[in-house]
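Everything on this sheet refers to the single structure shown next.
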Amino acid sequence: QGPPVYVDLAYLPGSWSARTVDEEFFRRIRSLCYVVSGDDHLKEGVLRPLLDALLAGKHQWGVDIQVTLIPTFDSLVMHEWYQETHERQQELGITVLGSNSTVAMQDETFPACKVEF
């Protein structure tokens, strides 16, 4: 118990640890930005419950704080959740940040986005 914790950026765990992120997590850890990473088969199985928990937890905040969700990988589960809950996301002030930008470093290129506070 206790008051919620407010942060600018929260990095959500991947793989098996993602199962620990539930509605209570989002009710207590209130972030301006949540980074969802972990492009692996384990993450796909827990991604939808994690995203639904964000909606349920944010609903309990009772304050109007804009939240940005930053996925670091492309996922069919993410696309389906986005389309099915888009109206609810807007009601709760949640923006899912997609990016078509690419960064080139040394001999490697990868997708990226810029987040400013």
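The values are calculated or read from the model by the stated rules, or taken from the named source; none is laboratory data. Since the model is a prediction, treat every value here as computed from it, not as a measurement. FYI the Cβ positions are ideal-geometry reconstructions off the backbone, even for glycines, and counts take in every protein chain you see. The accessibility values were calculated without ligands, DNA or RNA, using every heavy atom of the protein model including side chains. Shrake-Rupley method; radii C 1.70, N 1.55, O 1.52, S 1.80 Å.
Pull out all pairs, ordered by first then second residue, where Cβ-Cβ is under 9 Å, the residues are six or more apart or on different chains, the first lies in region 74-86 and is modelled with pLDDT under 85 and among the polar types (S, T, N, Q), and the second is open to solvent by less than 80 Å² (accessible area, probe 1.4 Å) and assigned to a helix (DSSP H, G or I).
SER75/LYS43; SER75/GLU44; SER75/LEU47; SER75/TRP81
Starting from residues that are open to solvent by 50 Å² or more (accessible area, probe 1.4 Å) and modelled with pLDDT of 85 or more, keep the ones in region 37-53 and report whichever is nearest to GLU80 (Cα to Cα).
Looking at the filtered set, the residue picked out is ARG48.
Quick one: would you say LYS58 is in contact with a helix residue (DSSP H, G or I) (Cβ under 7 Å, 6 or more places away or on another chain) and modelled with pLDDT of 95 or more?
yes
Suppose we filter THR102, THR85, THR68 for residues that are polar (S, T, N, Q) and open to solvent by 70 Å² or more (accessible area, probe 1.4 Å); which single one remains?
THR102
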